[in-house]
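A.B. asks: Pasting a structure below so you can have a look.
A short reminder: the numbers here are calculations on the coordinates, not readings from a lab. Here the structure is a predicted model, which is why all the values come from computation and not from measurement. Cβ: placed from backbone, ideal geometry, glycine included. Neighbour counts: every protein chain shown.
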Amino acid sequence: MGDVGVVWKVGPDGRLKPMPDVDDDVRLVWLPISESHLLLGTKTNEMPHLEIDAINNGTACLSHEFFISSRNSDREKSLAMVLGTQAGLLSENELKEISGKLIAEFGGK
């Protein structure tokens, strides 16, 4: 369980985000609530294929400072290496796009 809370899986590529944008196509939402349970939401009635390692990795990547685990094996230690790597509300590409638009609009003023 990470400090990110809810994880949003958006778009056809399944990108994970800590918070969706208004126009994001949300496909899946999860919230870990214990070491063996999570709340799951989908747009369809079909149960998606879930991989616990992918869920744990995604949660760790989006977490800012920590994650909590009932174990301390090599698998959990490897999550510390990805902790916070995708924790920003905006991706680097989104930041570049916004910066470019702002410079184009206000750069010469």
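A.B. asks: Taking segment 7-106, how many lysine pairs are there with alpha carbons less than 22 Å apart, if each pair must be eight or more places apart or span two chains?
C.D. replies: Values: Lys9/Lys17; Lys9/Lys43; Lys9/Lys96; Lys17/Lys43; Lys17/Lys96.
Going through segment 7-106 pair by pair, I get 5.
A.B. asks: When the chain is treated as a GNM, springs tying every alpha-carbon pair under 10 Å, which of Gly88, Gly11, Gly58 comes out with the largest mean-square fluctuation?
C.D. replies: Evaluated over the chain, the most mobile residue of the options is Gly11.
A.B. asks: Does segment 49-92 come out rounded, prolate or oblate by the C-alpha gyration tensor, with a ≥ b ≥ c the root eigenvalues, rounded set by a/c under 1.5 and, if not, prolate when a/b is larger than b/c and oblate if not? Display every interim value, and only then the final one.
C.D. replies: Values: a/c = 2.33, a/b = 1.42, b/c = 1.64.
Here segment 49-92 falls in the oblate category.
A.B. asks: Debye calculation, C-alpha points only, no solvent: report log10 I(q)/I(0) for the chain at q = 0.16, 0.23 Å⁻¹, in the same order as the q values.
C.D. replies: Taking Cα atoms of the chain as identical point scatterers yields -0.76, -1.29.
A.B. asks: So if I place +1 on the C-beta of Lys and Arg and -1 on the C-beta of Asp and Glu, and nothing else carries charge, what would the dipole magnitude of segment 4-109 be about its Cα centre? I want it in debye, nearest 20. Please report the intermediate quantities before stating the final value.
C.D. replies: Numbers: 11 positive and 16 negative charges, 24 e Å.
In total the dipole reaches around 120 debye.
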